[in-house]
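Presented below is the structure to which this report refers.
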Amino acid sequence: MTQIIKEDGKTIIKTGARIDTMNATQFEQDIQPALADGGVEIVMDCSDLTYMASSGLRVIQKTMRTVMQHKGEFKMINVNPEIYKVLAMTGFTKFMKVEKKND
């Protein structure tokens, strides 16, 4: 379940456990209000995220592009090592901020 939290001028998007083919469209719809608000700083908290399919990567890329078009900042935090590895292999870590989970 996706949660949107406004805190200290930031918009924090807290993901659920999975972003896959079954729920990527719903996830994208859930975060649209945060993007429509013109959030300048979007932080995606991936503490609970354990699986992300290519459909999830597309949503992340689209979200990042939308934020950048508004001259904002987008970063992912608390990313588990397996998902970080996928983000690195697909080049996401080269064009956006991704912080690993500290265990």
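The values are calculated or read from the model by the stated rules, or taken from the named source; none is laboratory data. Not measured: the values here are computed from a predicted model. Positions of Cβ are generated from backbone atoms using ideal geometry, with glycine treated the same way; all protein chains shown enter the neighbour counts.
Suppose the filter is surrounded by fewer than 13 Cβ atoms within 10 Å (Cβ to Cβ), of a type in the set (S, T, N, Q) and part of a helix (DSSP H, G or I); does Q29 pass it? Spell out how you get there, then give the answer.
Details: surrounded by fewer than 13 Cβ atoms within 10 Å (Cβ to Cβ): yes; of a type in the set (S, T, N, Q): yes; part of a helix (DSSP H, G or I): yes.
Criteria met by Q29.
Could you list all residues from region 46-59 that are among the small types (G, A, S) and part of a helix (DSSP H, G or I)?
Listed by number, the residues that qualify are S54, S55, G56.
Run K62 past the list (1) touching a residue at least 24 places away in the same chain (Cβ under 8 Å); (2) surrounded by 14 or more Cβ atoms within 10 Å (Cβ to Cβ); (3) in a helix (DSSP H, G or I) and report the number of the one that doesn't hold.
Result: K62 fails condition (2) only.
Inspect all residues belonging to region 67-83 and state whether any of them is surrounded by fewer than 17 Cβ atoms within 10 Å (Cβ to Cβ), in a helix (DSSP H, G or I) and either basic (K, R) or in contact (Cβ under 8 Å) with a residue 60 or more places away in the chain (or both).
No: zero hits.
Looking at region 38-45, is at least one residue in contact with an Asp or Glu (Cβ under 6 Å, 6 or more places away or on another chain) and at pLDDT below 90? First the steps, then the outcome.
Just the residues of region 38-45 that are in contact with an Asp or Glu (Cβ under 6 Å, 6 or more places away or on another chain), to begin with: 41.
Retained after the next criterion (residues that are at pLDDT below 90): 41.
Yes, that holds for at least one residue.
Take A34 and decide whether it is modelled with pLDDT of 95 or more, outside any strand (DSSP E or B), among the aliphatic types (A, V, I, L, M) and out of contact with any helix residue (DSSP H, G or I) (no Cβ under 6 Å at 6 or more places or on another chain).
Judged against the criteria, A34 is not a match.
Go through (1) in a helix (DSSP H, G or I); (2) at pLDDT below 95; (3) more than 13 Å from the chain's Cα centre (by Cα) for A88 and report which single condition fails.
The failed condition is (2).
If I ask for residues that are closer than 21 Å to I83 by Cα, buried (at least 19 other Cβ atoms within 10 Å of the Cβ) and β-branched (V, I, T), which ones from region 1-26 would you list?
I13, T15, I19
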